[in-house]
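The values are calculated or read from the model by the stated rules, or taken from the named source; none is laboratory data. Small disclaimer: the values here were computed from a predicted structure and weren't measured. Every residue, glycine as well, gets a Cβ built from its backbone with ideal geometry; the counts of neighbours run over all protein chains shown.
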Amino acid sequence: MAADKDARLDPLARLTGLLARLPGIGEKSALRLALAVVRSEGEYVEALSEAILAVRDELRLCELCNDLASATRCERCQDARRDRSTICVIAQPQDRMALERTGAYRGLYHVLHGVLDPLAGVGPSQLRLANLLPRLHGGDEPVREVIVATSPNVEGDATALYIAKLLAPLEIPVSRIASGVAVGGELEYADMTTLHRALEDRRRL
């Protein structure tokens, strides 16, 4: 109880504790970040706090693809230059960011915000799949291919197979990115060359 009370009273300890709750940030890294904030100029600290509040208050999910957006629709869905005949299904927004960095894909996306994981209680109803089917039927340009770009692990493969079976009645080709991405690895950590090859060598499910 005393430690909790100190954390509430000491601004540095409180900030360190909050930073340590972020994914991939341990206690030592959190302390280094907190000390960096302490040493920073006031203008930077104010800008940082405003940016954090803006992320919380201004970001929403795109009504079409579920990606993070600052408006009703994200930049990709609003961009008339994107290839609307192809939709790439991904697990998380960071996967879209990784694929965009390759420059190899110019179609649209659909973000699931997760993958099938029965052990963790994540089933199809927990994924954002409901608005995928309407996208395949509507629009000015028909969808000619759905690319499933989930990470090549057990959960990602299960999700890809589920989507392939779900879309089978529509007779729209469903492909899976090739195994240029290491099996068991996470898509967001793959380098650009690997992601580029994985997209180019995708295969039909």
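Observations
- Residues in the stretch 12-27 that are within 27 Å of the chain's Cα centre (by Cα) and in a helix (DSSP H, G or I) were compared, and the one that is surrounded by the fewest Cβ atoms within 10 Å (Cβ to Cβ) is Glu27.
- Per-region count, the stretch 42-62, residues of a type in the set (Lys, Arg) and assigned to a strand (DSSP E or B): 1
- Within the stretch 97-150, being under 18 Å from Ala168 (Cβ atoms), part of a helix (DSSP H, G or I) and touching a helix residue (DSSP H, G or I) at 6+ places or on another chain (Cβ under 7 Å) holds for Pro124, Leu136.
Yes/no per residue for (1) in contact (Cβ under 8 Å) with a residue 24 or more places away in the chain; (2) touching a His at 6+ places or on another chain (Cβ under 6 Å); (3) over 24 Å from His137 (Cβ atoms):
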residue: Leu53; (1), (2), (3): no, no, yes
residue: Leu64; (1), (2), (3): yes, no, no
residue: Asp79; (1), (2), (3): no, no, no
residue: Met97; (1), (2), (3): yes, no, yes
residue: Ala104; (1), (2), (3): yes, yes, yes
residue: Gly107; (1), (2), (3): yes, no, no
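- Yes/no for Val38 being in a helix (DSSP H, G or I) and within 27 Å of Gln94 (Cβ to Cβ): no
- Any hit, the stretch 44-57, residues being under 30 Å from Ala104 (Cα atoms), within 20 Å of the chain's Cα centre (by Cα), modelled with pLDDT under 95 and charged (D, E, K, R): no
- Of all residue pairs spaced 6 or more apart or on separate chains, those with beta-carbon atoms under 7 Å, a first member in the stretch 124-146 that is under 18 Å from Gly156 (Cα atoms) and a second member that is small (Gly, Ala, Ser) and modelled with pLDDT of 95 or more are Gln126/Gly114; Leu127/Gly114.
- All of (1) in contact with a Leu (Cβ under 6 Å, 6 or more places away or on another chain); (2) within 20 Å of Asn66 (Cα to Cα); (3) of a type in the set (A, V, I, L, M) hold for Ala149 with one exception: (1).
- Ser29 meets all of the listed conditions (1) at pLDDT 95 or above; (2) assigned by TED's automatic domain parsing to the domain that holds Ile177 but one, namely (2).
- Residue within the stretch 169-176 that is of a type in the set (Lys, Arg), modelled with pLDDT of 95 or more and buried (at least 19 other Cβ atoms within 10 Å of the Cβ) present: no
- With respect to the conditions (1) surrounded by fewer than 17 Cβ atoms within 10 Å (Cβ to Cβ); (2) of a type outside the set (Ser, Thr, Tyr); (3) more than 20 Å from Arg202 (Cβ to Cβ), Glu145 falls short on a single one, namely (3).
- Exactly one residue out of Leu205, Leu132 is within 29 Å of Arg81 (Cβ to Cβ) and modelled with pLDDT of 90 or more, and it is Leu132.
- Scanning the stretch 74-92 for residues being surrounded by 16 or more Cβ atoms within 10 Å (Cβ to Cβ) and either in a loop (DSSP other than H, G, I, E, B) or out of contact with any strand residue (DSSP E or B) (no Cβ under 7 Å at 6 or more places or on another chain) (or both) gives a total of 4.
- Only one of the listed residues (Leu166, Leu199) is in contact with a Phe, Trp or Tyr (Cβ under 7 Å, 6 or more places away or on another chain) and at pLDDT 80 or above. That residue is Leu199.
- Subset of the stretch 93-115 that is surrounded by 20 or more Cβ atoms within 10 Å (Cβ to Cβ) and out of contact with any Leu (no Cβ under 7 Å at 6 or more places or on another chain) - its residue that is farthest from Ile147 (Cα to Cα): Val115
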